[in-house]
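So the structure is just underneath, and the comments pick up after that.
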Amino acid sequence: MPDLGVILKLLFMVVVVMAALLPVITWVERKQSAVMQDRIGANRADILGIRLLGLLHPLADVLKLFGKEDVVPLGANRFMHLLAPVIALIPGIITLAVVPFAGVYDFGSGPVSMVAADVDWGMLYVFAVGSIATYGTVIAGWSSNSNWGLLGSLRGSAQMISYEVTMGLSLVGLFMCFNSLKLQEIAQAQDTTFRVFGFLQTLGFVHALPRWLSVVRLPMWGILLQPLGFILFLTCIMAENKRAPFDVPEGESEIIAGYHMEYSGMRFGLFYTAEFLEIPVIAMIVATLFLGGWTIPWLSTQRIVGPLTGEIGVGAAMGLCLILQVFSFFAKVIFMIWLQMQIRWTLPRFRYDQVMDLCWKIMLPLSLANIFVTGLVILAIQGLSR
Amino acid sequence: MSTAALLFYLFAAMTIVASLGMVLNTRNTVASALSLVVAMISLGAIYVLLDAYLVAAIQIVVYAGAIVVLFLFVVMLLNLRMDVFPAARSRLPKLLGIAASGWGLWMFLRLLPGSLPAISPAPEGFGGFRALGTELFTRYVVPFEATSLLLLAAIVGAVILAKRRID
Amino acid sequence: MLVPLEHVIALSAVIFGIGVVGAVTRRNLIVILMSIELMLNAVNLALVGFSRAWANPVGQVFVLMVITVAAAEVAVGLGIVLSLFRNRDSVDIEEVSLLKW
């Protein structure tokens with residue numbers, strides 16, 4: 001039986017994401033697009049006259065979807081028709097098990113790591129679970145017994161399995177830099193800073209860096225070590241989500257609603273939830289890998305806990321640090337959600353052949369080149385600093 | 001019996017049921033493919049229970065996540081809906097085939113107990129990606145590179161086979 | 001080890017047997033290909049079991065090779081199925097048995 005700590009951490013992640021973040025994200029989508037497009041957005045839903053700026057719209061959406069009739073098309077496979085949105089939803093939820101929302105703290109009885117499942121192969125688990133999500137798209141269109149559905153399903157499945165390849169390869173450079181697949185370790189490795197001009201000393205141009213130059217330090221975040229990896233990974237994982245400019249499978253103006261056309265009521269609600277659930281999951285993974293996760297830039301855990309331990313004791317210092325770092329994590333998650341919304345409402349939809357060209361002809365060679373250059377640089381640094 | 005051993009037998013049962021479902025399902029090809037996915041995922045779980053973590057992840061990513069999707073893709077592309085074939089000439093080869101493999105399996109299972117050497121304990125980090133990666137890139141780097149050539153040949157072959165003929 | 005090695009190998013043998021029955025009995029070419037994949041999976045399970053029992057990573061390295069070969073074989077096999085379907089409009093193997101005795 002898993003112990004209480006694991007269950008509590010898992011509950012925290014699932015409850016925070018599904019109950020707190022998810023409704024707000026549907027509101028954010030409407031309001032952010034409205035602000036970008038110079039209109040007001042949805043703000044009519046109210047309870048007894050209290051409007052709350054449109055924050056009640058997610059509730060109105062859910063109530064509406066529950067009230068709709070469940071239509072299953074004639075000749076469709078009923079079991080698979082029901083199974084597809086469930087398969088689309090579950091991988092998003094179970095990815096939350098390996099995301100660290102805070103660091104490793106020692107309250108006095110041994111280190112406690114704030115991840116539900118602190119496994120050595122965390123990112124492999126994320127890839128594996130992401131591959132299962134493909135089946136939701138594959139089965140949905142086929143089981144609908146409709147031409148548009150089949151077309152959307154074919155496009156969606158081809159797009160998803162293509163972008164999985166580049167998704168994995170674009171992260172290999174990051175794994176080489178941080179030497180680990182464990183998300184908690186990758187976040188911890190980003191807890192330090194590095195001297196910006198340190199390369200001058202490594203390459204041998206100066207014997208020792210002067211003090212005024214070595215003060216300029218940047219946090220050792222993944223995005224600064226692997227900028228190309230960040231861009232590639234973000235593109236690929238947004239293409240996996242079939243959102244942003246990559247929503248050809250559900251292209252509204254081309255194939256009506258694509259693979260989830262024959263879904264109504266809460267079954268469509270499940271697809272909708274799955275798509276919007278992936279947004280914070282993507283935000284969390286990108287924040288952990290590239291934006292330093294729960295770390296606060298320039299304030300490593302040691303620098304916070306050290307001075308405070310003398311004042312208020314180890315336990316309280318660790319607790320305060322925990323709260324600060326959880327806030328830092330969610331601040332980065334919110335930034336990434338905002339960024340994804342910006343991208344979605346700015347770029348027009350790609351054509352299907354443009355989507356596939358982008359993956360196989362542009363991003364795959366770029367990710368391989370990224371691996372190659374990263375390996376060279378790491379070898380050079382190791383060789384020169386001997 | 002510990003929880004993990006119980007989980008092993010549960011996943012073993014699931015694998016057998018799913019593979020039987022795949023083989024015996026004559027009406028719906030997509031349902032066969034989905035049973036295959038269930039079989040592969042439960043095999044992945046068994047690999048995790050046998051300490052082969054990297055192999056389990058690759059099994060799910062490659063097998064369950066790409067190969068069976070490819071099967072489903074072809075089924076959907078060709079729109080193979082109902083598995084209705086005219087009756088075969090004779091049912092004898094089918095029955096003989098089932099009888100032969102059943103007999104072979106029974107003989108094997110009879111001879112199995114007591115025929116295997118003793119078990120050695122596993123070192124720390126066994127089956128993790130670090131240990132396996134080290135082996136793969138040092139002792140077995142030639143087969144590793146050879147499989148990449150094999151994949152290149154397969155890609156070229158598949159593209160040529162699936163291309164529409166330019167008549 | 002979690003369970004006796006005999007149980008792992010027995011499971012592998014049973015899955016292999018089911019795969020053989022599928023490959024020999026069924027007429028749908030795609031199901032035959034899937035049965036072959038099942039046989040390969042059974043072999044992988046045996047390899048992983050032995051690798052764990054004797055603490056030798058070579059078994060798992062071989063499993064990675066088998067998975068790669070299986071992926072390549074599926075790609076080419078499905079290409080063949082596509083070409084066959086375009087020519088004969090059927091994936092029934094009884095229809096493509098001209099060279100049978």
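Just so it is clear, none of the values below were taken in a lab; they were calculated from the coordinates. Remember, predicted model here, so these are calculated numbers, not experimental data. FYI the Cβ positions are ideal-geometry reconstructions off the backbone, even for glycines, and counts take in every protein chain you see.
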* Estimated inter-spin distance, B:Met107 and A:Arg78, nm [label 7 Å along Cα→Cβ] -> 4.8
* Gyration tensor verdict on chain B (Cα atoms; rounded if a/c is under 1.5, prolate if a/b is larger than b/c, oblate otherwise) -> oblate
* To do: Round to the nearest 0.05 the FRET efficiency obtained for A:Trp298 and A:Phe199 when R0 = 22 Å and r is the Cβ-Cβ distance.
  => 0.65
* Two-site label geometry, A:Phe335 and A:Lys361: point separation in nm, points 7 Å out along Cα→Cβ -> 3.5
* **Part-to-part distance (alpha-carbon centres) for the range A:192-209 and the range C:22-101, which is given in Å** => 55
* Structure fact -> Here D for the range B:1-82, in µm²/s, from Stokes-Einstein with a Kirkwood Rh over Cα pairs at 25 °C and 0.890 mPa s, works out to 183
* **Number of partner chain Cβ atoms within 10 Å, mean per residue of C:46-59** => 6
* Over 28 Å between alpha carbons, listed pairs A:Lys31/A:Lys361; A:Lys31/A:Lys332; A:Lys31/A:Lys242 -> A:Lys31/A:Lys361
* May I ask you to sort A:Trp345, B:Trp106, A:Trp294 by Cβ crowding, counting other Cβ atoms within 10 Å and putting the fewest first? => B:Trp106, A:Trp345, A:Trp294
* Asked: Using only Cα atoms, what is the ratio of the radius of gyration of the protein assembly as shown to 2.2 N^0.38 Å?
  -> 1.04
* Please average, across the residues of C:3-15, the number of beta carbons from any other chain that are within 10 Å of each residue's own beta carbon, and give a whole number. => 6
* Packing-based order for A:42-51, B:55-64, A:182-191, using average beta carbon neighbours within 10 Å, highest first -> B:55-64, A:182-191, A:42-51
* Structure fact -> For the range C:31-101, the dipole about the Cα centre with charges only on Cβ (Lys and Arg +1, Asp and Glu -1), to the nearest 20 debye, works out at 240
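With viscosity set to 0.692 mPa s at 37 °C, what whole-number translational diffusion coefficient in µm²/s follows for chain A from Stokes-Einstein and a Kirkwood radius over Cα pairs? Each step should come with its number before you reach the end.
Values: Rh = 22.8 Å.
Reported coefficient: 144 µm²/s.
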* Rounded D (µm²/s) - the range A:133-219, Kirkwood Rh over Cα pairs, Stokes-Einstein at 4 °C, 1.567 mPa s -> 75
* Under 15 Å Cα to Cα from A:Lys64, which aspartates and glutamates show up? Leave out anything in the same chain fewer than 8 places away. => A:Asp46
* Asked: Full extension from A:Leu384 to A:Glu311: what is 0.36 nm times the residue separation minus their Cα-Cα distance, to one decimal in nm?
  -> 22.0 nm
* **Two-site FRET efficiency, A:Ile7 against A:Lys68, from Cβ-Cβ distance with R₀ of 51 Å, rounded to 0.05** => 0.90
* Asked: Using a Gaussian network model of chain A with C-alpha springs under 10 Å, which one of A:Pro219, A:Pro210, A:Pro245 is most mobile by mean-square fluctuation?
  -> A:Pro210
* Asked: Taking other Cβ within 10 Å of each residue's Cβ, how do A:Trp221, A:Trp338 sort, fewest first?
  -> A:Trp338, A:Trp221
* Structure fact -> Expressed in angstrom, Rg and Dmax over the Cα atoms of chain C are 16.8, 52
* **Reachable aspartates and glutamates from C:Lys100, criterion Cα separation under 15 angstrom, eight or more residues apart if same chain** => C:Asp92
* To do: Using a 10 Å cut-off on Cβ to Cβ distances, tally the other chain neighbours for every residue of B:27-34 and report the average as a whole number.
  => 5
* Taking a spot 7 Å from the Cα of A:Ala60 along the direction of its beta carbon, which residues of the range A:35-49 have an amide N less than 16 Å from it? -> A:40-49
* Signed unit charges on C-beta, dipole axis of the range A:251-334, positive-most listed residue A:Val281, A:Phe271, A:Leu322 -> A:Leu322
* Structure fact -> GNM on chain C, Cα springs under 10 Å; top mean-square fluctuation among C:Ala53, C:Ala23, C:Ala42 goes to C:Ala53
* Computed magnitude of the charge dipole of the protein assembly as shown (debye, nearest 20; Cβ of K, R +1, Cβ of D, E -1) -> 660
* Roughly what angle does helix A:314-346 make with the longest principal axis of chain A, taking Cα atoms, 0 to 90 degrees, to the nearest 10? -> 50
* Asked: Considering chain A as a Gaussian network with a 10 Å cut-off on Cα pairs, which listed residue, A:Thr134, A:Thr288, A:Thr374, attains the greatest mean-square fluctuation?
  -> A:Thr374
* To do: Based on other C-beta atoms within 10 Å, arrange A:Trp27, A:Trp212, B:Trp103 from fewest to most.
  => A:Trp212, B:Trp103, A:Trp27
* Asked: A:Lys9: which aspartates and glutamates have alpha carbons under 18 Å from its alpha carbon, excluding same-chain residues fewer than 8 sequence positions away?
  -> A:Asp106, A:Asp118, A:Asp120, A:Glu185
* So how far, in whole Å, is the C-alpha centre of the range B:20-49 from the one of the range A:137-152? -> 21
* Positive-end residue, the range A:41-122 charge dipole about Cα centroid, Cβ charges, pick of A:Ala60, A:Ile94, A:Trp121 -> A:Ala60
